[in-house]
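J.: A single structure is presented below for examination.
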Amino acid sequence: MKILMFGWEFPPYNSGGLGVACLGLTRALASKDVELIFVLPYKMDLTIPNLRLVFANSRVKLRPVDSLLIPYSTVTSYQQLFSGLSSKIYANGLLAEVNRYALEGGMIAGKESFDIIHAHDWLSFGAGLAAKKVSGKPLIVHVHATEFDRSGENINQLVYNLEKEGMEEADEVIAVSQYTKDIIVERYGISPDKIEVVWNGIDPEDYQPVQPEDNGLSHWKALGYKIVLFVGRITMQKGPDYFLQAAKKVLSYNPQVIFVIAGSGDMENQIISQAASLGISDKVLFAGFLRGNELNTVYRIADLFVLPSVSEPFGIVPLEAAVNGTPVLISKQSGVSEALTHALKVDFWDIDEMADKILAVLNNPSLYGCLKENGQREVQKLSWKEAARKCISIYHKLFSRGEDNA
Amino acid sequence: MPSVCFYFQVHQPFRIKKYRIFDIGQDHQYFEDHSESNLNNKKIFQKVAKKCYLPANEVFYELLQKYPQLKLSFSFSGIFLDACETFYPELLHSFQKLVKTGKVEVLSETYYHSLSFLYSPQEFISQVKMHRQKIKKIFGITPKVFRNTELIYNNDLAKVIEKLGYKGILAEGADHVLGWQSPNFVYQPKGVKKLKLLCKNYQLSDDIAFRFSSKEWGEYPLTAPKFAQWVSAINGNGEVVNLFMDYETFGEHQWEDTGIFKFLTSLPGEILKHPDNNFVTPLEAIAKYQAVAELNVPQFISWADIERDLSAWRSNPIQEDALEKLYSLEKTVINSGDDKLIEDWRRLTTSDHFYYMCTKWWNDGDVHKYFNPYSSPYEAFISFMNVLSDLRLRIDSLKKDYKKGNSKTINLEGGCGL
């Protein structure tokens, strides 16, 4: 079976979970001998695609398309990216660029042979639909986030329409969680029968013990401070403001705590000034965007990882924390809370509850130890191999349905 | 032969409400949840009373009228009886009516359904004595047979129980203790003079308690004639079949629509169809049958989980931590002479609190999850530890009062006040 996949650039040339998910899933699929044609938007004037290295000697064929689309593009962020460029190939607006990418997708579909089309995230749904029209092959759209996760109730209607069209025209929809499936059913009116849940995962072997880097946090630890960690984009969706409010409560009970925010994003300045106005600036550290060994070191030094997301379709970061042996406290408004049982859970808006649970972990070494040990064990089972296995069974289902109709 | 010996455990804990760190020093009503949650003790109690206790009592009362040979035994935790008096006096009357038939034995246990034997012999004895008084007060009788919380048992317990004047004790008929021996005989615990031991026939007991409605079970559906046949088959190779289970089996663990009450209604008649079969209470069983052998149980056993050990309450760091910190307050609390403080502390000794903190099998969705009113073991631990912090503050403020000379209580610094 051969899959035409519309995906995204892998780490480290990405920001956020979509690239991580594409890497994990395609690598696991390739290891299970699935043949892939991997199409991705790519700015050709940058470095050689990282994927070439990842997929050297495998049955994955790369088809980069020169495009300005990047994961989590918004109309505004696209405009900023576009305005700095002189190149004439890119469209002058996000939706126009999505259309241009769709045309390229259709052209690739016309030249290649494959059995199933699998498109990740709405930015590539258009390309998936074009490929379906050209080839007549079944289309899977893989929903990693919806417009409601990104924008709350202030959705961009045009983006919503593109998402809805992609899901309606698709033969099968993959949702990264039951939480996301529910949104797709309720907000997009898609039949639940057409939607399969495939959780994201991690590759535990990617997180082997590392030589810890000296990062300053160890000095705080030596002084008897506890470390509570937030990792993610500093945007409305991730709930950094709730994290700060909980921090304020925690500090009124236990001043010996440092709150670390690792990430960057459009709310960064707002969050820095919020910390100041709450009077806790001296206890909140902004670590910037961390990755690799740097990030693993921070996980390992932290006493607790918190994911206070307002709406999180899945949320891979808590799995990374857990595999590093950090206890996790996650928002109930997340897909990952379905997958992790050995985690503390809280409604993102329930600041008191969040603070109570943070303090419980910091005050009770037995709770810390129990969550650490059980979480680390549990997360081993949430692998990309498992996600790939489910995708393959969906491929087979669609493939045999196509055979029946033929 | 064989004699069928029924024992039903009747217990409801006082569950701790959601108690946050912000409540410490502000709120001492640890067990008062008035929400719609499963931590609302009154709500749960009344629900279980209607689904299980009242209808089951009715069935048994009628059966006792119909079959004069039928015998039963119950063990009530002291706090169950407390809850009964507060939440459902009518239910208490219903149990009293059963006991008045003279065919229902009441067993002895710790008042608070606690693990105190594992932590403090002194507290254990206090709770057993409190329970004895409560049973005397409610039912007008003094139990002669003891059963420890969740059938936790070992040689040392048997020795203590004999010293307290009991004639018999119950235990799980665990394979790793009985080996090739059958649970269907009376045994003598190692190291005692007269005390006799009844071992639960877990196969037959769990056929009713756990497997009754399981469609995956090869014997489904279980009928009264079939079950009576299994009992009769023991004729010739056993003397007493100990069917020990939670009373909540009837209507709560096995819902009415599984047919459990119908099964129960026809069971005594089916068992009595075989002329050699009869019913006994635990005390009658040990009077009627000689101990066939000594049973050596150096390690603790219980009737919980497949392990039949202490791991349901003591298998992870949060359980051990909570138990250790709780019992470290014992002497100060007991010696404070503050009745409310002592009562609150003792309610915290109830084994259920630690069962809820069990993480064994948690993600496999097993019985621990089914019986857990908290959304996770960690939630159970957090509320418990916050309550314990509040309890410590209360102790501290008593000490301050004492130093100021405002208190009539004595001996707050530990030491023996009894």
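Every number here is computed from the coordinates shown, using simple stated rules; none is lab data. Please read all numbers here as calculations on a predicted model, not as lab measurements. Methodologically, a virtual Cβ is constructed for each residue, glycine included, from the backbone with ideal geometry; neighbour enumeration extends over all protein chains shown.
J.: Enter the angle in degrees (range 0 to 90, nearest 10) between the Cα long axis of helix B:260-272 and the first principal axis of the Cα atoms of chain B, meaning the one along which they spread out most.
T.: The angle comes out at about 50 degrees.
J.: Strictly greater than 27 Å: what percent of every Cα pair in chain A meets that?
T.: 51
J.: If the reach is capped at under 12 angstrom between alpha carbons, list the aspartates and glutamates near A:LYS133, excluding any in the same chain fewer than eight residues apart.
T.: A:GLU169
J.: Separate question: Just want to confirm a number: the relative contact order over region B:317-402, from Cα pairs under 8 angstrom separated by 6+ residues, in percent.
T.: 34
J.: Roughly how far apart, in whole Å, are the Cα centres of region B:203-249 and region A:331-403?
T.: So the separation of the two Cα centres works out to 40 Å.
J.: Relative to the longest principal Cα axis of chain A, at what angle does helix A:351-363 sit, 0 to 90 degrees, rounded to 10?
T.: It works out to around 60 degrees.
J.: Roughly what would the spin-label model give for B:GLU90 and A:ARG300, points 7 Å off Cα along C-beta, in nm?
T.: With each label point 7 Å from Cα toward Cβ, the separation is 6.4 nm.
J.: About the Cα centre of region B:317-402, how large is the charge dipole given +1 on each Lys and Arg Cβ and -1 on each Asp and Glu Cβ? Please answer in debye to the nearest 20.
T.: Value, rounded to 20: 160 debye.
J.: Taking a label point 7 Å from the Cα of A:ASP350 along the Cα→Cβ vector, which residues of region B:25-67 have an amide N closer than 17 Å to it?
T.: The answer is B:33-40.
J.: Here is a follow-up. Remind me, relative contact order of region B:1-79 in percent, using alpha carbon pairs under 8 angstrom and six or more residues apart?
T.: 48
J.: Follow-up. Can you figure out the FRET efficiency of A:ASP33 with B:SER213, using R₀ = 41 Å and their beta-carbon distance, to the nearest 0.05?
T.: 0.40
J.: Quick check: from the Cα gyration tensor, does region A:327-406 come out rounded (a/c under 1.5), prolate or oblate?
T.: The shape class here is oblate.
J.: With the crude spin-label approximation of a point 7 Å out along Cα→Cβ, what separation in nm comes out for B:LYS136 versus A:SER273?
T.: 7.5
J.: Projecting each Cα onto the charge dipole of the protein assembly as shown (Lys/Arg +1, Asp/Glu -1 at the beta carbon, about the Cα centre), which of B:VAL104, A:LEU244, B:TYR355 comes out farthest on the positive side?
T.: Towards the positive end, the residue furthest out is B:VAL104.
J.: Compute the length gained on full extension between B:GLU256 and B:LEU164: take 0.36 nm times their separation in residues and subtract their Cα-Cα distance, giving the result in nm to one decimal.
T.: Stretched fully, the B:GLU256-B:LEU164 segment lengthens by 29.1 nm.
J.: Continuing with this model, one more query. I'd like to know which of A:GLY369, B:ALA287, B:LEU54 lies farthest towards the positive end of the charge dipole of the protein assembly as shown, counting +1 on Cβ of Lys and Arg and -1 on Cβ of Asp and Glu.
T.: Result: B:ALA287, furthest along the dipole toward the positive end.
J.: Right, next: With chain B treated as a Gaussian network of Cα nodes joined by springs under 10 Å, which of B:GLU62, B:GLU330, B:GLU239 yields the largest mean-square fluctuation?
T.: Highest fluctuation of the listed residues: B:GLU62.
J.: Relative to the first principal axis of the alpha-carbon coordinates of chain A, what is the inclination of helix A:268-277, with its axis defined by its Cα atoms, in degrees from 0 to 90 and to the nearest 10?
T.: 20
J.: Quick check for me: using +1 on Lys/Arg Cβ and -1 on Asp/Glu Cβ, what's the dipole size of chain B about its Cα centre, in debye to the nearest 20?
T.: 1360
J.: Quick one: which of A:LYS164/A:LYS238; A:LYS248/A:LYS283; B:LYS17/B:LYS369 span more than 20 angstrom between C-alpha atoms?
T.: From A:LYS164/A:LYS238; A:LYS248/A:LYS283; B:LYS17/B:LYS369, over 20 Å: A:LYS164/A:LYS238.
J.: Modelling each spin label as a point 7 Å along the Cα-to-Cβ direction, I'd like the B:LYS400/A:LEU95 distance in nm, to one decimal.
T.: Simple spin-label model gives 6.6 nm for this pair.
J.: Taking the Cβ-Cβ separation of B:ASN235 and B:ILE342 as r and a Förster radius of 56 Å, what is the calculated FRET efficiency to the nearest 0.05?
T.: So the FRET efficiency works out to roughly 0.65.
J.: A follow-up question, please. Compute the distance from the alpha-carbon center of region A:135-157 to that of region B:50-82, in whole Å.
T.: Between the Cα centres of region A:135-157 and region B:50-82 lies a distance of 59 Å.
J.: May I ask you to derive the relative contact order of region B:103-196, considering only C-alpha pairs under 8 Å and at least 6 residues apart, and to give it as an integer percent?
T.: This gives 25 percent for region B:103-196.
J.: Moving to a separate point now. May I ask you to compute the full-extension gain from A:ARG401 to A:LYS381, defined as 0.36 nm times their residue separation minus their alpha-carbon distance, rounded to one decimal in nm?
T.: Result: 4.2 nm gained on full extension.
J.: Based on Cβ point charges of +1 for Lys and Arg and -1 for Asp and Glu, what charge dipole magnitude is obtained for region A:205-379 about its Cα centre, in debye rounded to the nearest 20?
T.: For region A:205-379, the charge dipole is close to 300 debye.
J.: Could you work out the mean count of beta carbons from other protein chains within 10 Å of each residue's beta carbon in B:375-382?
T.: Across B:375-382, the average partner-chain Cβ count within 10 Å equals 6.
J.: Once you've got the GNM for chain A with C-alpha springs shorter than 10 Å, pick whichever of A:VAL328, A:VAL60, A:VAL336 has the biggest mean-square fluctuation.
T.: Judging by the Gaussian network model, the answer is A:VAL60.
J.: Could you sort B:397-403, A:158-164 so that the peptide with the highest average Cβ count within 10 Å comes first and the rest follow in order?
T.: Highest mean packing first, the order is A:158-164, B:397-403.
J.: How well do other chains shield peptide B:21-29, expressed as the mean number of their Cβ atoms within 10 Å of each residue Cβ?
T.: Taking all residues of B:21-29 together, the mean is 2.
J.: Same structure, new question: Can you give the helix-only mean residue ellipticity at 222 nm for the protein assembly as shown, where every DSSP H stretch with n ≥ 4 adds -39500 (n - 2.57) and the sum goes over all residues, rounded to the nearest 500 deg cm²/dmol?
T.: Mean residue ellipticity at 222 nm (helix-derived): -13500 deg cm²/dmol.
J.: So what does the Cα-only Debye profile of chain B read at q = 0.06, 0.14 Å⁻¹, as log10 I(q)/I(0), no solvent term?
T.: -0.25, -1.36
J.: Moving to a separate point now. For chain A, modelled as a Gaussian network with Cα springs under 10 Å, which listed residue fluctuates most, A:PRO11, A:PRO255, A:PRO64?
T.: Taking springs between Cα atoms under 10 Å, the residue moving most is A:PRO255.
J.: What's the FRET efficiency of B:GLN122 with A:ARG187 using the Cβ-Cβ distance as r and R₀ = 45 Å, to the nearest 0.05?
T.: Computed FRET efficiency for B:GLN122 and A:ARG187: 0.15.
J.: Something else now. With θ taken as phi - 60° and the coefficients 6.51, -1.76 and 1.60, list the Karplus ³J(HN,Hα) couplings across region B:98-107 in order, rounded to whole Hz; mark glycine and proline as x.
T.: In residue order, the calculated couplings are 4, 5, 5, 5, x, 10, 10, 8, 10, 9 Hz.
J.: At a Cα cut-off below 19 Å, give the lysines reachable from B:LYS226, other chains included and same-chain residues fewer than 8 away excluded.
T.: Qualifying lysines at Cα under 19 Å: B:LYS215, B:LYS262, B:LYS273.
J.: Could you give log10 I(q)/I(0) at q = 0.06, 0.08 Å⁻¹ for the protein assembly as shown, computed by the Debye formula over C-alpha point scatterers of equal weight, without solvent?
T.: For the protein assembly as shown at q = 0.06, 0.08 Å⁻¹, log10 I(q)/I(0) is -0.52, -0.83.
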